[in-house]
1. Would you mind stating whether G75 is surrounded by 14 or more Cβ atoms within 10 Å (Cβ to Cβ) and assigned to a helix (DSSP H, G or I)?
2. Considering only region 34-54, state which residues are charged (D, E, K, R) and outside any helix (DSSP H, G or I).
3. Among the residues of region 46-67, which ones are over 20 Å from L25 (Cβ atoms) and either buried (at least 18 other Cβ atoms within 10 Å of the Cβ) or out of contact with any helix residue (DSSP H, G or I) (no Cβ under 9 Å at 6 or more places or on another chain) (or both)?
4. Report, ordered by the first and then the second residue, all pairs with beta carbons closer than 9 Å, sequence separation of six or more or different chains, a first member in region 31-56 that is over 10 Å from Q85 (Cβ atoms), and a second member that is acidic (D, E) and in a helix (DSSP H, G or I).
5. So if I check each of L31, L18, which one is surrounded by 14 or more Cβ atoms within 10 Å (Cβ to Cβ), part of a helix (DSSP H, G or I), touching a Leu at 6+ places or on another chain (Cβ under 8 Å) and not basic (K, R)?
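Each reported figure results from applying straightforward, stated rules to the coordinates on display, with no laboratory input. All values derive from a computational prediction rather than experimental measurement. Positions of Cβ are backbone-derived with ideal geometry, glycine not excepted, and every protein chain shown enters the neighbour counts.
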Amino acid sequence: MDLSLLEIVGFATVSLSLLAKVIGLPDQILLNYRRKSTEGVSTKQHIIGFLAYASWTWYGFLSFDWVVGLGQGLGVVVEAIIIGQIIAYHKKPQPKMFSADP
């Protein structure tokens, strides 16, 4: 089987992209869940990631490229979970009933 450079690069790109979504982001989800906190997690980064994955997913389906559509769709799901955690674990400031300062 003789693979072209384009096929090799395509396979590597899809493989690494899936690994990032299957290993990297789920590790963040698990860490957030265990801590019940998203302190230190960049909300902007995950919103931008969600929008980027959603755009690529849409592009993939519009162009009938199921590899792109499904691969990036996984990113949409994982980013949505992290954004959901950011919302769920957001700590609302507690009103101070008593103040040490007069």
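1. On the way: surrounded by 14 or more Cβ atoms within 10 Å (Cβ to Cβ): yes; assigned to a helix (DSSP H, G or I): yes.
Judged against the criteria, G75 is a match.
2. Of region 34-54, the ones charged (D, E, K, R) are 34-36, 39, 44.
Residues satisfying the conditions are K36, E39.
3. The answer is F64, and nothing else.
4. From region 31-56, the pairs are I47/E79; G49/E79; F50/E79; L51/E79; A52/E79; Y53/E79; A54/E79.
5. Working: L31 fails: touching a Leu at 6+ places or on another chain (Cβ under 8 Å).
Among L31, L18, only L18 is surrounded by 14 or more Cβ atoms within 10 Å (Cβ to Cβ), part of a helix (DSSP H, G or I), touching a Leu at 6+ places or on another chain (Cβ under 8 Å) and not basic (K, R).
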